[in-house]
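Visitor: A single structure is presented below for examination.
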Amino acid sequence: MPLAICARESSAKCVKRSGTTISRPARSLHYQLFELNQAVFFDTNPIPIKYMMKRLGILPTNEHRLPMMPATEELQKRLDAVLLRVGLLKASQAV
């Protein structure tokens, strides 16, 4: 899910290249996005993905219907760190 939402352009390149003889660039893109994909499972879905979408300006709020709760401060820090490492968030924007 975050692959398609947070890194659409890279995802499209990865899929396009994976069906061709250019497998090395596709593999490189896969590894660049791997940590982002893992971050979705840091907590119960959709908590991480909704938080990341909010941080990237894709969602206006980080609201959840009960019984879901927003990301904890600890989870926010972990997710911000991932977004920083994959280049989707600037250091000045981190929690």
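Every number in this text was worked out from the coordinates using simple rules, so none of it is lab data. What you see is a predicted model; the values in this text were computed from it and never measured. Backbone-built Cβ (ideal geometry, glycine too); neighbour counts: all protein chains shown.
Visitor: What's the extension gain from residue 69 to residue 85 if we count 0.36 nm per residue and subtract their Cα-Cα distance? Numbers along the way, then the final one.
Guide: On the way: separation 16, 0.36 × 16 = 5.76 nm, distance 2.55 nm.
Result: 3.2 nm gained on full extension.
Visitor: Report the FRET efficiency, 1/(1 + (r/R0)^6), for residue 92 and residue 35, where r is their Cβ-Cβ distance and R0 is 35 Å, rounded to 0.05. Please list the in-between numbers first.
Guide: On the way: r = 21 Å, r/R0 = 0.60.
Once the sixth-power term is evaluated, E becomes 0.95.
Visitor: Average projected area of the Cα convex hull of the stretch 23-81, in nm²? Can you show the working numbers first?
Guide: Numbers: hull surface 18.3 nm².
Taking the Cα atoms of the stretch 23-81, their convex hull projects to 4.6 nm² on average.
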